[in-house]
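Below: the structure, in structure tokens.
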Amino acid sequence: MDRVSDVRREPGFQQWIAELAGGEPFDWDADGDDPEFLDWITEVYAGNGAMPMELVNPLVFARRVELAQRALQRIAARAEVDLGPLPGLTVVTTPPDALEPTGVVRVGGYGQRITGLTFAEVALTVADNVQEWVTHDRSRIWPVCPEHRRGLHPQSADGVPSWVCREVPHVVSPIID
């Protein structure tokens, strides 16, 4: 049996994640089975034990920043093919404090804050933030459905972050190649 399986079977781990799942501002299902999230939270526990929420919050912030940077790098590279260089399109953060215990992470300074803890969740929000930034900074709509010439929308299609056309609903492409 591997270390991850051992840790996940420990009563202390089960109790800890149940307590975290019920607390603000952590919004996740303790019974969820997303392997990426479970691997991360297991590593946190294995390395630190049953940390109180105030010590977990900075780790949540760091994870969101790291995932946002990875997603932005890939989404921006694709956008630059169509739009040219995108200087100023960056991950914008406000570190954790008493008012925002897990900090604030956005891309480009517009749109929704990033609340996900998996790459797929974060990629959807980053894609939406990039669209907001392009609209504000470039006065353009990006990306556009090649068939219908309408703006695409980031949404999960069978668990894959995808660009979806709503004109005649269809998946145009994955957000991350």
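Every number in this text was worked out from the coordinates using simple rules, so none of it is lab data. Note that the structure is predicted; figures quoted are calculated from it, not measured. Cβ coordinates were reconstructed from backbone atoms using ideal geometry, including for glycine residues, and neighbour counts include every protein chain displayed.
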*Filter the stretch 52-76 down to the residues that are in contact (Cβ under 8 Å) with a residue 12 or more places away in the chain and farther than 30 Å from residue 136 by Cα, then identify the one that is surrounded by the fewest Cβ atoms within 10 Å (Cβ to Cβ).*
54
*Would you be able to tell me the number of residues in the stretch 127-177 that are in contact with a Leu (Cβ under 9 Å, 6 or more places away or on another chain) and acidic (Asp, Glu)?*
1
*Hits in the stretch 136-152 (condition: within 21 Å of residue 90 (Cα to Cα) and buried (at least 16 other Cβ atoms within 10 Å of the Cβ))*: 137, 142, 143
*Which of the residues that make up the stretch 77-112 are loosely packed, with under 13 Cβ neighbours inside 10 Å and among the hydrophobic types (A, V, I, L, M, F, W, C)?*
77, 81, 98, 99
*Residues in the stretch 98-113: is at least one free of Cβ contacts under 8 Å to residues at least 12 places away in the same chain, of a type in the set (Gly, Ala, Ser) and part of a loop (DSSP other than H, G, I, E, B)?*
yes
*asked:* Cβ contacts < 6 Å: first residue within 16 Å of residue 173 (Cβ to Cβ), restricted to the stretch 136-153; second residue β-branched (Val, Ile, Thr) and assigned to a loop (DSSP other than H, G, I, E, B), any location; separation 6+ or different chain. Result?
replied: 151/141
*Of the residues in the stretch 161-175, how many are out of contact with any Ser or Thr (no Cβ under 6 Å at 6 or more places or on another chain) and assigned to a strand (DSSP E or B)?*
7
*Does residue 120 satisfy being part of a helix (DSSP H, G or I) and under 20 Å from residue 40 (Cβ atoms)?*
yes
